[in-house]
Amino acid sequence: MRTKINGLMTLLLVLVVQFTFAQQKTITGTVSDSFGMPIPGVNLIVKGTTNGTLTDFDGHYTIEVNLGEVLTASFVGYETKEKTIGESNTLNFSLLEGNLLNEVVVTAMGIKRDEKSLGYAVTKISGESLSAVKPTSVASGLSGRVAGVNITTSSNLGGSTNVIIRGGSSITGNNQALYVVDGIPISNASVNGSETTRGGGGYDFGNMSSDINPDDIASISILKGASATALYGSRGSNGVILITTKKGTSSDRLGINFSSSLIFDQINKATLPNYQNQYGGGNSSTFSEETINGKTFKVVNYGEDQSWGPKFDASIDVLHWDGLDEGNPDMYLKTRPWTVAKRGPEAFFRTGVSKINSIALNGSNDLGNFRVSMSNTDQEGTVPNSKLKRNTISFNGTLNLSEKLSTTVTGQYINAYTKNRPGTGYDYKNSLSFMASAGMWMQTNVDYDRLKEYTLSNGEMQAWNRGATDKSNPAFWENPYWTVYNNFPEDERNRLIGSWSLNYEINDWLSAVGRMSLDHYDFDIETRIAKGSFGTSRYTKSSRKQSERNYDLMLNINKNITDDFNITGMFGVAHRTNQASGIGLYTTGGLVIDGLYTISNSVSDKIGKSDWASEEEVNSAFGTMSFGYKNTYFVDLSARNDWSSTLPEKNNSFFYPSISGSFIFSKLYKPEFLSFGKIRANWAQVGNGAPFARLNDIYYNNGNFGEVIRYVNGSTKYNDQLKPETQESYEIGVDLKFFHNRLGIDASYYNKKSKDQIIPGSVSFGTGYYSEYVNAGEKEDIGYEVALFATPIKNKNFTWNTAINWSTNKSMINALAPGITSHVLNSNHVSVVARVGEPYGILVGTDYKYDGNGNKLVDKDGYYLISDDDQIIGDINPDWRAGVSNTFTYKKFTLSTLIDIKMGGDLFSLTHYWGKQTGILEETVGLNDLGNDLRNSLDDGGGLVLDGVTEDGSVNKTRVAAKDLFDAGRNPKAGSIFDASYVKLREVSLSYSVDQQYLDKLKLSKLTFALIGKNLAILYREIDHIDPEATYGAGNVQGLDMGTMPTTRSLGISVQVGF
């Protein structure tokens, strides 16, 4: 091992020495377009060598060359130009716009293809545009940029991002896209527990894709359809996010790039509930009275977590929640006026600060290239005592061992630590979710600045809702400051992603590649509940390990049979192994010693424990052939066969073919206004294996009875006759560019059906089971996508580029298992359901009852009649999504904006449902139809008359009291269903690049300053109280607000320096 390390260090030293001391003639220059505008990112290379560089943001370049060599300048959309090196040290290029015929994109298995030849849709995003505003993750940075990609981002610190491409494919399984980095498939797993998934509490630990450093990304290709992703097998059926990282490019010196950002985060107060400010805590219009030390006080009804108490009146002095404990001597028995809190729940949040720093070294010459980088993210969240730290070290190097043989090594090490992720969901059991209390159950008189004194002199919690006059423990909800400083979780992840490959050029048209890759992580999580908390004191510790190893061997073909006929292809075999294991330990019965968080500190000696392990293997053979004729007609054929260990041996093989084609009709017919025209079409069929351990029944320990060991089977029977799932899809599209590429449009239509889904079907109770896994069910997705780009203005000093993407997807359930017409994906107040004949992901619950004319029915007491709980009350799928980006460049200034649009789709808001019952929301106050305070008693003209008719058709005239009217038991869940549409100002950045003349004096290659903003405003929405982009995790369960944290908006500055 030591010899190998020394050898690698010697090779690296040779590269560095070459980069540092290989000095020839130095020339500089600028590359511009026909309007004189600089072109950044132009590839300049000495013809016949690997010596090259790229132009910077201002179109400038510097390169070491020899006299008489030929320098070539090329860039997508422009004609390539060559110039011979003469005596001058300055060499400028002016490139003419071309036909965009040779734009290269990275496709499946890392194959680089001319975009013109593709018979399927691929969206390419530059790393520079993605990282401009320093997104918290790659996935969140894609929001609003790509047609057909539905992205929902959690507002939790380090929280999940849900990415669904073209509606996904599975009814009950994973629908997340596959991430591939430099040819390495990486895990995007979520370790969230079942309670977190259903919105019942717990923590959102995010997605594993958040480990990818945006600053290391050169480009991203989004592969959407099955034909585009077929070579990745079953895991590509949900689409692929293909990431290519930056490589070494600096040829004349050791290149150094440094970037630093400082970002300030604040909650968007518009995404907090709109609280009423007229009535305080309690359940009646009068105060209780307490006699303490011989004196009688008006006392706030501290035992209630509602705001149906007395109307605020500053002339009334009352004893508040913090005046009842001798342990708080500064406030004990001191009264205050009865007024609304000066500092409500918004005061709980602080200004978060994120510091992001990256440095990269790179170089390139005839021996190869390398890039090594290190980045650090240090983030303080908006929730007190919360922070996230991430350190990433990346290496990417290629060494040419001979003229035909080269080797490439890539590696990333990531360490991520997070403290005090916020509690999620409706956590009434342990009171760990801030918004479950502050957004649903609270008293509007509670001042959150006063809650900062969360402990009494004896160390006990000082709660705003007390168990009794002489008991400071909470009746329902903890003091939130107690929670964040005592009951916080911690987690740490260490991850290693790497690959080693050999590439041998057999001849000028045939090459062989062998590659090994690894993705491994260790994830440790600790949670705690302190003694004196609302829930039983507790400590848990869990560890999870997961590894994926891939071994690939491929032959690549690229041969021109004739001047008109070209063949490219790839054939390969692969082996994949996935191993995972975990262990969890937890105390039972509480903790013995307060503040000591170890498993041995358990009250009970029966320590809770669970462990598990899994291993899967897949063997694959695959191939693709592409035929091109006269650079006009293209046909692709591909096929893959997988053998999966999770299927029975007789059914473990599944084959999937695909075919695609494109026709560049502008080669045959090209009017003056048309720059490029292509039509494309494809068809594909892909398979999917079963999840782990679905073949043989599993038995669980049910607790021992004396010396008798008891095991029981689960409620679902497994099936050793399962076969692969199948997805069949087709797509047609058109790609048009006009007016010298100043205007372009890319449009697609697709249809995909996922059959033989592995889902639980019903069986007779006599079998001892409730259900059995079977191959059944069909899900169909139909959609349209449009991407439009334009350059409305372009001159020497000013350029305006705009891009618009729009998409719609209709997802339907055509069939489920025999005897099953409805399958519940999640149930929490309402159900998220897959039902035959309905869109995938409908919301089911109680609704109003209506007469034949559509009028709501009211009972004899004046309240709405409520239906059974099996009614369709919403659909989580949006009608359409869009994104609008604009970039304005004036001399050295660049202003970029991104607007993200979602129209349609429904959301159930538990904030609204409970917030009305508890009287905290603004709609529970105001004037009624009589002009009186609606909270007045009926005798005093209060209350409301509900719109509706009685069952005999008469108009309702019965007035009901406000508190009874807003009671959750008298209102259907449909009353809290809202349109989840929004228009968001997702990104804004303003940058300035220092002029080259000053850079030369400073001996810099780049110096750019920028102001950046993220999630600055919600420009349009149909729902109050929350952000309609509500989510608390990644997965199929969406469309629910269960105590959603307010959205964070960010403002910051950044600087980029190149040497």
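Computed from the coordinates by the stated procedures, all read-outs in this text should not be read as laboratory data. Note that the structure is a prediction, hence the values are computed from the model and not measured. Here Cβ is always computed from backbone atoms with ideal geometry, including for glycine, and neighbour counts include all displayed protein chains.
Label positions at Phe571 and Tyr417, each projected 7 Å from the Cα along the C-beta direction, are separated by 5.3 nm. Can you give the relative contact order of the chain as a percent, counting alpha carbon pairs under 8 Å and 6+ residues apart? Once divided by the residue count of the chain, the mean separation gives 12 percent.
Spatial offset of segment 863-934 relative to segment 248-309 amounts to 21 Å, using the alpha carbon center of each.
Our estimate of slack between Glu707 and Arg350, defined as 0.36 nm per intervening residue step minus the Cα-Cα distance, is 123.0 nm. For the pair Leu674 and Ala512, a Förster radius of 41 Å applied to the C-beta separation gives a FRET efficiency near 0.50, rounded to the nearest 0.05.
Helix 2-21 axis versus longest C-alpha principal axis of the chain: approximately 70°, rounded to the nearest ten. Fraction of C-alpha pairs exceeding 58 angstrom in the chain: 18 percent, rounded to a whole number. Segment 771-817 and segment 356-419 have Cα centres lying 32 Å from one another.
Considering only DSSP beta bridges with both partners in the chain, what is the antiparallel share in %, to the nearest 5? So the antiparallel bridges in the chain amount to around 95 percent.
Calculated mean residue ellipticity, 222 nm, the chain: -1500 deg cm²/dmol, from DSSP H runs (n ≥ 4) at -39500 (n - 2.57) each, averaged per residue and rounded to 500. The convex hull drawn around the Cα atoms of segment 606-718, when projected onto a plane and averaged over every direction, covers 13.6 nm². Summing charges over all other residues whose Cβ lies under 14 Å from the Cβ of Arg694, with Lys and Arg as +1 and Asp and Glu as -1, gives -4. A Cβ-based charge dipole, computed about the Cα centre of the chain with Lys and Arg at +1 and Asp and Glu at -1, lands at about 2480 debye. Compactness ratio for segment 345-483: Cα radius of gyration over 2.2 N^0.38 Å (N = residue count) comes to 1.75. Once the mean of 1/r is taken over each pair of separate Cα atoms and inverted, segment 533-670 shows a Kirkwood hydrodynamic radius of 20.5 Å. Modelled label positions at Glu728 and Lys471, each set 7 Å beyond Cα in the direction of Cβ, lie 6.6 nm from each other. Modelled this way, with points 7 Å down the Cα-to-C-beta line, the labels at Glu69 and Leu1011 are 4.3 nm from one another. Computed over the Cα atoms of segment 342-427, pair by distinct pair, the Kirkwood hydrodynamic radius stands at 16.4 angstrom. Using a cutoff of 8 angstrom between alpha carbon atoms and counting only pairs six or more residues apart, the relative contact order for segment 458-599 works out to 20 percent.
For Lys810, the lysines whose Cα comes closer than 17 Å to its Cα, not counting residues fewer than 8 places off in the same chain, are Lys224, Lys752, Lys753, Lys755, Lys779, Lys902. What number does segment 253-343 give for Rg over Rh if you use C-alpha atoms and the Kirkwood radius? That ratio is 1.37, to two decimals. Its relative contact order, with pairs defined as Cα atoms under 8 Å and 6+ residues apart, puts segment 723-828 at 24 percent. Volume per residue of the convex hull around the Cα atoms, evaluated for segment 484-590, comes out as 147 Å³. Shape analysis of segment 826-961 based on the Cα gyration tensor places the equivalent ellipsoid semi-axes at 40, 25, 14 Å, largest first.
Our Cα-only numbers for segment 775-905 put the radius of gyration and Dmax at 23.2, 76 Å. Expressed as a whole number of Å, what is the distance separating the alpha-carbon centroids of segment 960-981 and segment 106-158? Here the two parts' Cα centres lie 40 Å apart. Taking the Kirkwood radius as Rh and the Cα radius of gyration as Rg, segment 265-412 has a ratio of Rg/Rh equal to 1.42.
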